[in-house]
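A.B. asks: Pasting a structure here, questions to come.
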Amino acid sequence: MAKKVALMQGNEACAHGALYAGCNFFAGYPITPSTEVAEVLSNELPKVGGKFIQMEDEIAATAALIGAALTGAKALDATSGPGMSLKQELLGYACIAEIPCVIVNVQRGGPSTGMPTGPSQSDMQQAMWGTHGDHAAIALSPASCQEIFEETVRAFNLAEKYRMPVQLQLDEICAHMREPVTFPEPGELEVIDREAPTVAPEDYKPYDDSQGQIPPLASFGSGYRYHVTGLNKAADGFPTTKAELVDAEERRQIAKVMDNLDDILKNEEYQLEDAEVVLFAYGSTSRSARYAVNELRKEGIKAGMFRPITVWPFPEQRVAELADQAKAIICPEMNLGQMVREVERVAKGACIVSHIGRVDGEPINPGQIIDRVKEVL
Amino acid sequence: MAYDYEKSIRPGKLPHIWCPGCGHGIVMKGLIRAMDACELDLKNTAVVSGIGCASRLPGYLDACTLHTAHGRAAAFATGVKMAKPEMTVLVVGGDGDGTAIGGNHFIHACRRNIDITYIVMNNSIYGMTGGQFSPCTPTGAMASTTPYGNPDPTFDISKLAIGAGATFVARGTAFHATQIDKLIAEGIRHKGTAVIEILDDCPTTYGRRNKFRSVVDMMKRLKDIAVPVAAAAKMTPEQLEGKVLTGVLFKEERPEYTEQYTQVIAKAQGA
């Protein structure tokens with residue numbers, strides 16, 4: 001039988017990807033341009049016995065998300081920039097309490113209300129540094145509707161596997177463009193469920209690192225009684241201010257991501273083998289960059305593209321290699337300089353790093369990129 | 001025989017952090033008796049709190065306990081209950097946590113009539129942060145941020161809950177210790193949002209700034225201002241001046257939120 005193919009928006013693809021991953025809980029608060037994620041799930045979740053709740057505000061949505069996730073639910077929340085700002089405290093809570101959940105941020109223009117229907121990629125640093133305290137972050141930035149579907153599944157998988165919140169960094173162009181999406185068959189994409197504890201309930205400690213870097217998380221109501229808090233804590237989940245325990249907890253929660261980069265990082269390399277100029281581009285901007293590479297190649301200019309799909313943690317090692325290989329790395333972004341900071345930091349002056357920023361609500365077009373490449377070379 | 005509180009307390013977690021004379025321990029004992037009376041299975045009971053002195057209570061209970069972020073307890077609890085309606089979900093916290101930063105979540109939990117029991121320990125002050133005024137600090141009272149007396153009007157938590165749609169609202173005091181369990185138990189048994197306001201005392205940050213010379217003075221105040229609902233019905237407005245009604249203040253039957261959602265699921269599935 002032929003696979004199901006549907007023409008749909010990125011936001012709709014996100015909602016369907018979530019369902020494929022086993023999402024059975026959505027809590028959110030309406031904000032443009034993310035609303036279709038909620039709208040689709042309000043319709044689809046009850047069909048599969050899942051729950052949809054529209055909360056009273058953005059903070060409440062994230063609180064409900066974490067509460068539901070603690071009962072074992074695969075929980076999703078979708079928002080846009082200003083909503084994400086409100087969620088940041090509880091994102092930090094989910095980091096320190098190590099609660100698996102997925103939050104979609106469909107980025108829009110400007111700080112505050114800015115340009116609510118205009119595209120941007122201006123929350124890229126917020127995805128890493130928005131919440132307080134030292135923590136690791138995983139954020140994914142897909143570039144097509146098909147990829148949004150698949151990366152939403154991967155976001156859930158990473159959340160469940162690493163027991164932490166994972167962010168999907170869409171931009172408004174990807175979220176609202178329509179493309180055909182081929183639905184994978186059940187089993188075609190890997191779906192990971194969190195590990196349940198095997199110890200007896202009386203021996204269970206939710207943060208016991210003797211059980212590995214990522215201790216299993218018991219669901220509330222599954223027979224295990226334990227304590228969850230946003231305070232620094234010992235293995236049993238109870239608050240501690242003992243220096244060595246706090247230090248170990250903080251470091252473990254960052255190490256569980258940084259020690260598994262091979263599993264977490266994902267990127268696309270396009271025409272990079274002999275590239276003298278590398279376009280570092282992600283999300284919708286990468287589509288203009290790909291077009292630019294093709295045009296430049298026609299003129300004999302050795303251009304290529306590096307497209308991080310996992311944007312956090314930052315793909316340091318590969319970008320450093322590309323900086324050594326290329327004459328220049330050019331970063332087109334719909335912001336005034338966010339991921340280019342990381343490229344500059346990692347390149348350490350090994351090549352020219354140039355930025356193309358645009359914040360007027362218009363996409364970066366291939367001509368702009370081509371012109372800059374010719375200027376730089 | 002003395003009541004055995006320890007069967008509900010997590011081994012090794014006492015003594016608690018509360019100051020001598022604080023009423024939170026009295027409330028915790030009442031809550032334990034209530035949970036016992038309702039025969040709650042602690043494996044299927046989530047006790048959720050926000051931040052502050054009162055919000056440390058769940059940690060002492062041998063249940064599924066969730067100490068969250070300032071003000072957000074009701075929203076976390078909503079997520080737990082919505083995702084797993086078969087769990088009993090209790091929220092405990094202070095007046096500032098519940099009605100200032102958490103005010104929005106508090107009223108919307110009441111509006112939904114989701115089956116959670118919210119116990120507000122109203123000691124009229126922010127205790128853990130050192131005695132700043134809360135929305136429940138009496139006008140004119142002294143707090144660390146009202147050096148000239150509190151200029152703000154105060155919230156009546158029970159009235160707020162009734163107005164917002166809670167279907168069971170009761171009020172007790174830390175002085176009337178033997179009544180607390182009955183009010184909480186009735187709240188737990190009630191299907192829908194139950195709010196139990198317990199007038200509490202904070203001798204450390206409220207009492208000493210407001211000329212209560214001892215814990216006994218603070219407890220005496222609770223004793224003096226409390227008037228049971230039935231007694232109040234026979235009193236004149238003059239006699240009720242400065243008094244606070246206690247007992248079950250409001251009760252009605254209205255569809256519960258998670259039950260309503262099962263109908264949404266049935267509809268979506270073509271029933």
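The values are calculated or read from the model by the stated rules, or taken from the named source; none is laboratory data. None of these values were measured; they are calculated from a predicted model. Cβ atoms come from the backbone with ideal geometry, glycine included; neighbour counts cover every protein chain shown. Areas reflect the complete protein model, heavy atoms only, side chains present, ligands, DNA and RNA absent. Shrake-Rupley method; radii C 1.70, N 1.55, O 1.52, S 1.80 Å.
A.B. asks: What lysines sit close enough to residue B:234 to cross-link, taking a C-alpha to C-alpha distance under 24 Å and skipping anything fewer than 8 places away on the same chain?
C.D. replies: Partners within reach: B:159, B:182, B:220, B:223, B:243, B:251.
A.B. asks: Also: Over segment A:268-376, with the other protein chains present, what is the accessible area per residue in square angstrom, probe 1.4 angstrom?
C.D. replies: Per residue, segment A:268-376 has an accessible area of 41 Å².
A.B. asks: Further question: What number, in nm² with one decimal, is the all-direction average of the projected area of the convex hull of the alpha-carbon atoms of the protein assembly as shown?
C.D. replies: Averaged projected area of the protein assembly as shown's Cα convex hull equals 33.1 nm².
A.B. asks: Here is a follow-up. Over the heavy atoms of residue A:164, what accessible area does a 1.4 Å probe trace out, to the nearest 10 Å²?
C.D. replies: Spelled out: residue A:164, probe radius 1.4 Å, area about 10 Å².
A.B. asks: Could you tell me the calculated FRET efficiency between residue A:245 and residue B:148, based on Cβ-Cβ distance and R0 = 45 angstrom, to the nearest 0.05?
C.D. replies: For R0 = 45 Å, the calculated efficiency reads 0.55.
A.B. asks: Additional query: If you add up the charges near residue A:218, with Lys and Arg at +1 and Asp and Glu at -1, over every other residue whose beta carbon is less than 11 angstrom from its beta carbon, what do you get?
C.D. replies: With Lys, Arg at +1 and Asp, Glu at -1, the neighbours total +3.
A.B. asks: Compute the separation of the alpha-carbon centres of segment A:279-353 and segment A:219-268 and state it in Å as a whole number.
C.D. replies: 33 Å
A.B. asks: Next question. Take the Cβ-Cβ distance between residue B:19 and residue B:252 as r, set R0 to 30 Å, and report the resulting FRET efficiency rounded to the nearest 0.05.
C.D. replies: 0.20
A.B. asks: Let me ask you something else. Sort B:244, B:120 from largest to smallest accessible area, using a 1.4 Å probe on the heavy atoms of the protein chains.
C.D. replies: B:244, B:120
A.B. asks: Now for a separate question. Around residue A:62, with a cut-off of 11 angstrom between Cβ atoms, what is the net charge of the other residues, counting Lys and Arg +1 and Asp and Glu -1?
C.D. replies: Here the count lands on -2.
A.B. asks: Could you pull the accessible area for residue A:29 with a 1.4 Å probe, rounded to 10 Å²?
C.D. replies: Taking all protein chains as shown, residue A:29 has close to 90 Å².
A.B. asks: Express the carbon and sulfur contribution to the solvent-accessible surface of segment A:219-310 as a percent, rounded to the nearest whole number, probe 1.4 angstrom.
C.D. replies: 47 percent
A.B. asks: For the protein assembly as shown, what is the calculated [θ] at 222 nm in deg cm²/dmol (nearest 500), taking -39500 (n - 2.57) for each run of four or more DSSP H residues and dividing by its residue count?
C.D. replies: -10500 deg cm²/dmol
A.B. asks: Another question, then. Whole-Hz ³J(HN,Hα) for each residue in segment B:251-258, computed from phi via Karplus 6.51 cos²θ - 1.76 cosθ + 1.60 with θ = phi - 60°, x for glycine and proline: what do you get?
C.D. replies: Working through the residues one at a time gives 7, 8, 9, 8, x, 8, 4, 5 Hz.
A.B. asks: For segment A:201-261, what number results from the quotient of the Cα radius of gyration and 2.2 N^0.38 Å?
C.D. replies: The reported ratio for this selection is 1.14.
A.B. asks: Using 7 Å Cα-to-Cβ label points, what is the residue B:231/residue A:129 separation (nm, one decimal)?
C.D. replies: Result: 6.1 nm between the two label points.
A.B. asks: Another question, then. Report the antiparallel proportion of the DSSP beta bridges in the protein assembly as shown as a percent, rounded to a multiple of 5.
C.D. replies: 25 percent
A.B. asks: Assuming 0.890 mPa s and 25 °C, estimate D for segment B:26-141 with Stokes-Einstein, Rh taken as the Kirkwood radius over Cα pairs, in µm²/s.
C.D. replies: 173 µm²/s
A.B. asks: Within 10 Å of each Cβ of B:253-261, how many other protein chain Cβ atoms are there on average?
C.D. replies: Average neighbour count from other chains, rounded to a whole number: 1.
A.B. asks: Dividing the convex hull volume of the alpha carbon atoms of segment A:1-141 by its residue count, what do you get in Å³ per residue?
C.D. replies: 117 Å³
A.B. asks: A follow-up question, please. So how much accessible area does residue A:132 have, in Å² to the nearest 10, using a 1.4 Å probe?
C.D. replies: We get 110 Å² for residue A:132.
A.B. asks: Continuing with the same structure: If you fit an axis through the alpha-carbon atoms of helix B:103-112 and take the longest principal axis of the Cα set of chain B, what angle between them do you get, 0 to 90°, nearest 10?
C.D. replies: The answer is roughly 40 degrees.
A.B. asks: Please compute the length gained on full extension between residue A:276 and residue A:259, using 0.36 nm multiplied by the number of residues separating them and subtracting their Cα-Cα distance.
C.D. replies: 3.0 nm
A.B. asks: Kindly give the semi-axes, whole Å and largest first, of the ellipsoid equivalent to chain B, taking each as the square root of 5 times a Cα gyration tensor eigenvalue.
C.D. replies: 30, 21, 19
A.B. asks: Sticking with this one: In segment A:231-304, which trypsin sites (Lys or Arg not before Pro) are in a loop and have at most 16 other Cβ atoms within 10 Å, using DSSP for the loop call?
C.D. replies: A:242, A:266
A.B. asks: Then there's this: Say R0 is 30 Å: what FRET efficiency, to the nearest 0.05, do residue B:241 and residue B:37 get from their beta-carbon distance?
C.D. replies: So the FRET efficiency works out to roughly 0.25.
A.B. asks: Where does each of B:118, B:257 land when they are ordered by accessible area, with a 1.4 Å probe and the largest first?
C.D. replies: From most accessible down to least: B:257, B:118.
A.B. asks: What length, rounded to one decimal in nm, is gained on full extension from residue B:224 through to residue B:266, with 0.36 nm per residue of separation minus their alpha-carbon distance?
C.D. replies: Full-extension gain reported as 9.9 nm.
A.B. asks: Using amide H atoms built in the peptide plane, which far-off residues or other-chain residues are under 5 Å from residue A:51 H to H?
C.D. replies: Under 5 Å from the amide H of residue A:51: A:25, A:26.
A.B. asks: Can you quote the Å³ per residue value for the convex hull of the Cα atoms in segment A:268-376, rounded to an integer?
C.D. replies: It comes to 86 Å³ per residue, whole-number rounded.
A.B. asks: Taking Cα centroids, how far is segment A:118-192 from segment A:1-68 in Å?
C.D. replies: Segment A:118-192 and segment A:1-68 have Cα centres spaced 13 Å from each other.
A.B. asks: Hey, if we sort B:84, A:374 by accessible area with the 1.4 Å probe, largest down, what's the order?
C.D. replies: Largest accessible area first, the list is A:374, B:84.
A.B. asks: Work out the mean other chain Cβ neighbour count within 10 Å for the residues of A:214-226 and drop it here as an integer.
C.D. replies: Whole-number average of other-chain Cβ neighbours for A:214-226 is 4.
A.B. asks: Could you work out how far apart the two model spin labels at residue B:191 and residue A:321 are, taking each label as a point 7 Å from the Cα in the direction of the beta carbon, and quote it in nm?
C.D. replies: Computed distance between label sites residue B:191 and residue A:321 equals 6.2 nm.
A.B. asks: Follow-up question, since we're still on this one. Show which aspartates and glutamates lie in cross-link reach of residue A:51 when reach means a straight Cα distance below 20 angstrom and same-chain residues fewer than eight apart are skipped.
C.D. replies: Of all the aspartates and glutamates, those that pass the test against residue A:51 - Cα under 20 Å, at least 8 places apart if same chain - are A:12, A:36, A:39, A:77, A:160, A:193, B:86, B:115, B:256, B:259.
A.B. asks: Could you work out what % of the accessible surface of segment B:16-268 is carbon and sulfur, using a 1.4 angstrom probe and leaving DNA, RNA and ligands out of the count?
C.D. replies: 57 percent
A.B. asks: Mind listing the phi-derived Karplus ³J(HN,Hα) values for segment A:355-364, rounded to whole Hz, using 6.51, -1.76 and 1.60 with θ = phi - 60°, and x for any glycine or proline?
C.D. replies: The phi angles translate into 10, 10, x, 9, 9, 9, x, 9, x, 6 Hz.
A.B. asks: Which value, in Å², gives the accessible area per residue of chain B when a 1.4 Å probe is used on the protein heavy atoms?
C.D. replies: Counting only protein heavy atoms, the per-residue value for chain B is 41 Å².
A.B. asks: Round to the nearest 10 and give me the degree value, 0 to 90, for the angle of helix A:316-325's Cα axis relative to the longest principal axis of chain A.
C.D. replies: Roughly 10 degrees between the two axes.
A.B. asks: Check the straight Cα-Cα distances from residue B:7 and name the lysines below 16 Å, setting aside those fewer than 8 residues away within the same chain.
C.D. replies: Of all the lysines, those that pass the test against residue B:7 - Cα under 16 Å, at least 8 places apart if same chain - are B:29, B:43.
A.B. asks: Taking θ = phi - 60°, what integer Hz values does the Karplus form 6.51 cos²θ - 1.76 cosθ + 1.60 yield along segment A:163-180, in sequence order, with x for Gly and Pro?
C.D. replies: Result, ordered by residue: 6, 7, x, 10, 9, 9, 9, 8, 10, 4, 5, 5, 5, 10, 6, 10, 9, x Hz.
A.B. asks: Note the angle between two axes, namely the Cα long axis of helix A:145-162 and the longest principal axis of the Cα atoms of chain A, as a number of degrees from 0 to 90, rounded to the nearest 10.
C.D. replies: 40 degrees
A.B. asks: Antiparallel versus total DSSP beta bridges in segment A:5-182: what percent is that, nearest 5?
C.D. replies: 25 percent
A.B. asks: Also, I was wondering about something else. With solvent modelled as a 1.4 Å probe, how much accessible area in total do chains B and A shield from it at their shared surface, in Å² to the nearest 100?
C.D. replies: Buried: approximately 3200 Å² between A and B.
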